[in-house]
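To start, the structure itself, in C-alpha cells.
The values are calculated or read from the model by the stated rules, or taken from the named source; none is laboratory data. Just so it is clear, the structure is predicted and the values come from calculations on it, not from any experiment. In this analysis, Cβ positions are derived from the backbone assuming ideal geometry, glycine residues included, and neighbour counts consider all displayed protein chains. The area values use the complete protein model at the heavy-atom level, side chains included, leaving out ligands, DNA and RNA. Shrake-Rupley method; radii C 1.70, N 1.55, O 1.52, S 1.80 Å.
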Amino acid sequence: MKQSVTMDAIDRRIVSELQADASLSSAELAARVGSSTASCWRRIKALEAEGVLTATVRLVDAEKVGRGVNVLCNVRMKSHARESIVRFEEFVRSRPEIMECFSMSGEWDYLLRVVVADVSDYEHFLMRTLLDHPSVGGASSHFALSLTKYTTVVPV
C-alpha cells in the first residue's frame, strides 16, 4: 500500500486551489493560499516530486465532442494467470474509449467506464473489440441514463 505524504495546511490549500483551477499563476495562487510566490513555487515543486501533484490537463466535455454515452462495463476474465492479466491491462491502456478501469473484488474482475457516441458505437466496441480479447470471458454492460455528479477533485 502506498504511504501518504505529510502535508501542512498551506500544502492542502495549494492542492485544493490547483484542483479547482490549474491555470492560476504563481502569484494568484500564493495570494489565495496566504504564502509568498517563491514559497508557493517551492511547495508545488516538492508536491510534484512526491507525486501528489501529477499531470496538468484541461478537462473536455464528452458530450460536446460526440462521446456523451457513458457505459459501465463489468468484465470477467477467462483466466487469472499473470500473463492474461498483463495482456488485458495493456489492452485497456491502449483503448481511448476506456476512460477508467478498476480491478475489482467480488463477482466481476474489472469495472470499466467507457465513453462512446451512441449504442451502436458501444456494440461495435463490445462485440468486435472487448469480447474478442483472448483474456475476456464475459461482460455485463450498464448504460448511464444521466450524470448526477462528476468530479476530479480529491478531498484533501
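Worth pointing out:
- Val92, sole failed condition from (1) in contact with a strand residue (DSSP E or B) (Cβ under 7 Å, 6 or more places away or on another chain); (2) of a type in the set (Val, Ile, Thr); (3) over 30 Å from Leu18 (Cβ atoms): (3)
- The range 28-74 - residue that is within 30 Å of Leu131 (Cα to Cα) and among the basic types (Lys, Arg) and, of those, nearest to the chain's Cα centre (by Cα): Arg67
- Matching entry among Ser103, Ser23 (being exposed (fewer than 15 other Cβ atoms within 10 Å of the Cβ), polar (S, T, N, Q) and within 30 Å of Leu145 (Cα to Cα)): Ser103
- All conditions in (1) touching a residue at least 24 places away in the same chain (Cβ under 8 Å); (2) within 30 Å of Ser26 (Cα to Cα) hold for Ala49, with the sole exception of (1).
- Positions within the range 117-156 being part of a helix (DSSP H, G or I), open to solvent by 70 Å² or more (accessible area, probe 1.4 Å) and within 24 Å of Leu59 (Cα to Cα), in sequence order: Val119
- All told, Cys73 meets the bar of being outside any helix (DSSP H, G or I), touching a residue at least 12 places away in the same chain (Cβ under 8 Å) and among the hydrophobic types (A, V, I, L, M, F, W, C).
- Residue check for Ser35: among the polar types (S, T, N, Q), part of a helix (DSSP H, G or I) and in contact (Cβ under 8 Å) with a residue 24 or more places away in the chain: no
- Within the range 101-122, residues that are more than 13 Å from Met77 (Cβ to Cβ) have Cβ atoms under 7 Å from residues that are in a loop (DSSP other than H, G, I, E, B) in these pairs: Val114/Glu97; Val115/Ala62; Val115/Arg67; Val115/Glu97; Val116/Arg67; Val116/Glu97; Ala117/Gly66; Ala117/Arg67, counting only partners at least 6 apart in sequence or on another chain.
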